[in-house]
Structures are given as structure tokens and as C-alpha cells.
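Have a look at the structure below before the remarks.
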Amino acid sequence: MTEQARQDFLLSDATPSDFPDLVSYWEFSESSETFVAKEGVPYVLQSQVGRMDTTPVASTPLAGTALRIEKGQWLNVARSECPLLDIHGPDGQLTLIAWIKRDTQSRGCEFIAGQWNESNRGRQYGLFLNIGTWGTAEQINGHMSRVGGPTPGYKYCIDGPMGATPVPFDEWVVVAMSYDGSNGYAWLNGQLDVRPGLNPYSIAGGLYDGGPNGSDFTVGAVDRSGDIGNFFSGWMAGWLDWLSIAAL
């Protein structure tokens, strides 16, 4: 599937179930400690902090309710329990989409979702906001890794598309990343947030295979420097993982 086709889907009135090769779509309609995907494979997001609250929020898209994520709260699916999210290798392609509303007090790098573990050199793919690479802030960054560890020659991973537009606070937006096996892309509200040299971002060769001991799938935070951090703070109305292995 071409990136133009992906954009057409993102801008269409399609529902999550309309997306080709959908892996899982979570709709946060009730407060709980566990959230089972409503569409696709029923993978279970497990809160790591106990019960998390959902509530109606003005202008909330999709289900009309949203999951409140306080700073320090996050969710996890064990790697062994979500094999279709373990996207890697030269044939691995993906699109991650999240409907979010950031808190105005949010500070620092924020992780939305993905399989990304810096502590055990298990980086594969992860959707971030506000990574300070390239002297910018607040943009979408679709981090991707071919090696699991830092980008060769650098202290950290610097690979992946970075958008040009700051993601606003206290406003519902759709943030997304995608990878077609050759290039990575960062999306804001269904539009490719073009940034010359950085979005699209050339990263041919496929994503790292973490193997049995690789990264779990996490939402709202990521494992780095031996601890959980890069917390997201705000509201999440829905989260979708779209895997495409169709010919380009």
C-alpha cells in the first residue's frame, strides 16, 4: 500500500474496522484496569497503576469517552501476548494512530505507543512527541530502529520521521506514524507533516527483531535508562495499530 493510499484512509470517514490489515483497535469506554481491543485481535492492555478512569469529554471523537492518563500512568501488553504487534524485519510495515488531547502542563518527551525498550536495546518502533533531536520541540516523531541500540555513532537513536508542526495542547488531534519498509512518515490530523530531509525519513532495511526477550508493547510510557519514563499526560480517545504487508 502506498503512502498516498494511507493518507486517503486517514482523511476518509472510514471507521477502524475499515482499515486493511487491522491488528487491534482500543476504544476506552469504561474505567478499568484492563482494556480489550474492540476491533481486530482482542489484545489486552493492562494498566500498570491499577484502575484507570474514562469519562465523557467535550468533543471527544469516536466513542464519546476518553481514557484519562495522568503523568506516571501507563499500560502494557507483554511481548509474548501480542505477536502481531511484533513488527520487524524487511517485510515489516505498520501504521500507528492515536486520538489524543495533551495536557497544557505536559513537559519533556512523551511516548504514545509502540514496542520500544531502550534499557535492553530492544528498540523497534515507537510514536513519540516532543523529542529534542534536531533542535526542535513538540513535533511528532516516529522513532524506528534497525539495530535495537543507539544509532551507530550516536548516544541515542536518532532515526525516524519528525514532523514540522508543534502538536497543540488542550485540543483533540490525531497523531500517527507509518513505515513502508523503506521510509518512515509522521502524520498530524491525517496529513503528512512534511519536513524536508526528516519527513519522509529514509530508513531502508526493516526494523529490529528483538526476539523472545525484546520489548513489550506499551502505551503512555517507555522503558529507558533502566526505568519507566517519557510519560504522556492527557486524554486518549482511541488507539489503533494498522499493519500493512500489501505490495507497494
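The values are calculated or read from the model by the stated rules, or taken from the named source; none is laboratory data. Just so you know, these numbers come straight off a predicted model, no measurement behind them. When we count neighbours, we look across all protein chains shown, and the Cβ atoms used for this are built from the backbone with ideal geometry, even at glycine.
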Quiz item: Can you find even one residue in the range 196-216 that is in contact (Cβ under 8 Å) with a residue 40 or more places away in the chain, buried (at least 19 other Cβ atoms within 10 Å of the Cβ), under 30 Å from A58 (Cα atoms) and under 16 Å from the mean Cα position of the chain (by Cα)?
Solution: no
Practice problem: Might you let me know whether the range 173-188 holds any residue that is surrounded by fewer than 16 Cβ atoms within 10 Å (Cβ to Cβ) and farther than 21 Å from G122 by Cα? | Solution: no
Quiz prompt | Given (1) modelled with pLDDT of 95 or more; (2) under 26 Å from K38 (Cα atoms), number of the condition D241 does not satisfy | solution = (1)
Exercise. Please name all residue pairs, on different chains or six or more residues apart, with Cβ atoms under 7 Å, provided the first residue is in the range 132-161 and is among the basic types (K, R) and the second residue is assigned to a loop (DSSP other than H, G, I, E, B).
Key: R146/I203; R146/G205; R146/G206; R146/Y208
Practice problem: Considering only the range 40-54, state which residues are farther than 16 Å from A113 by Cβ and without any contact (Cβ under 8 Å) to a residue 24 or more places away in the chain. | Solution: P42, G50, R51, D53
Quiz prompt | Total residues in the range 106-131, condition among the hydroxyl-bearing types (S, T, Y) and either over 19 Å from G148 (Cβ atoms) or surrounded by 24 or more Cβ atoms within 10 Å (Cβ to Cβ) (or both) | solution = 2
Exercise. Quick one: count up the residues across the range 196-248 that are part of a loop (DSSP other than H, G, I, E, B), closer than 12 Å to Y179 by Cβ and in contact with a Pro (Cβ under 8 Å, 6 or more places away or on another chain).
Key: 4
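Tell me, which residue of the range 24-39 that is polar (S, T, N, Q), in a strand (DSSP E or B) and free of Cβ contacts under 8 Å to residues at least 40 places away in the same chain is farthest from M52 (Cα to Cα)?
Ranking the qualifying residues of the range 24-39, first place goes to T34.
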Quiz item: Which one of these is of a type outside the set (D, E, K, R), surrounded by fewer than 22 Cβ atoms within 10 Å (Cβ to Cβ), closer than 26 Å to E138 by Cα and modelled with pLDDT under 90: S233, S225?
Solution: S225
Practice problem: Run down T55, T60 and say which single residue is assigned to a loop (DSSP other than H, G, I, E, B), over 17 Å from the mean Cα position of the chain (by Cα) and of a type in the set (S, T, Y). | Solution: T60
